[in-house]
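Heads up, the thing below is written out as structure tokens.
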Amino acid sequence: MTPEAIYSILLRANATTDCETFDGHVLACVFSAGVAEVQDGGSFTDALGICGTALRHSIGKYFPGTLEQLEAFDLDKEPVIEDDERCLRELLWRFRTAPSPLNSLLSSLVSRRATRPNHLWQDIGLCDRSELSRLMQRHFSLLAQRNNQDMKWKKFFYRMICREDGFRMCTAPTCSECSDFPSCFGDETGESLLARARHRLETPRLNSIEDALSL
């Protein structure tokens, strides 16, 4: 089953809960991005950064009736939380807009996806960066207010962590004088992770058609 198909199933299931529409979309995106990662090898718990018990609870709460479909992705492996991720999880947890179960869950999910190599909005599975900004404003509003120069979120997170630990990441006195300015504030466009996964799945089929035409 494709990540996009999983997204549709999860979104329909979430619509039966009292979860807000945008929040349901975000959760379905994260879980679908996790599925895409599992299909490349690994476990669902490792992709999302939460243990099996918490994962099963979240599925039951936000995606009722979908546990059977998700069981195939290994829901029981214990994820390893490295120090950097733990620091980010604690930062997000402390800056939650409200101490709700959903905000606490998102603290863990966003922290794990932030360890992946793409733009954060891509690794969460969102459609574009504006959705990530909306997520942050909604669920981590105090952090969103501090990122008033619209720095890339991964850069901003780790700058906040370093500042709290008494470190200074940058040698330049201001961002405008820094030679690495594009690295922190540059373009964050690109293809969504779910679209990329779909294209990857379609490629073998397209190749087979091309091969057939060449016979």
Restricting attention to the range 87-140, which residues are aromatic (Phe, Trp, Tyr) and part of a helix (DSSP H, G or I)? 93, 121
Looking only at residues that are crowded, with 16+ Cβ neighbours inside 10 Å and among the charged types (D, E, K, R) in the range 143-164, which one is farthest from residue 130 (Cα to Cα)? 159
Picked from the range 144-159 (must be part of a helix (DSSP H, G or I) and touching a helix residue (DSSP H, G or I) at 6+ places or on another chain (Cβ under 6 Å)), the residue farthest from residue 85 (Cα to Cα) is 144
Starting from residues that are surrounded by fewer than 21 Cβ atoms within 10 Å (Cβ to Cβ) and either of a type in the set (Asp, Glu) or in contact (Cβ under 8 Å) with a residue 60 or more places away in the chain (or both), keep the ones in the range 87-104 and report whichever is nearest to residue 34 (Cα to Cα). 102
Give me a count of the residues in the range 25-80 that are in contact with a Ser or Thr (Cβ under 9 Å, 6 or more places away or on another chain), on the phi < 0 side of the Ramachandran plot and acidic (Asp, Glu). 2
Only one of (1) at pLDDT 95 or above; (2) under 20 Å from residue 101 (Cα atoms); (3) surrounded by 14 or more Cβ atoms within 10 Å (Cβ to Cβ) fails for residue 21. Which number is that? (3)
Could you tell me whether any residue of the range 22-37 is touching a Gly at 6+ places or on another chain (Cβ under 7 Å), in contact (Cβ under 8 Å) with a residue 40 or more places away in the chain and not hydrophobic (A, V, I, L, M, F, W, C)? yes
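The values are calculated or read from the model by the stated rules, or taken from the named source; none is laboratory data. Please read all numbers here as calculations on a predicted model, not as lab measurements. So basically every Cβ, Gly included, is an ideal-geometry build from the backbone, and we count neighbours across all protein chains shown.
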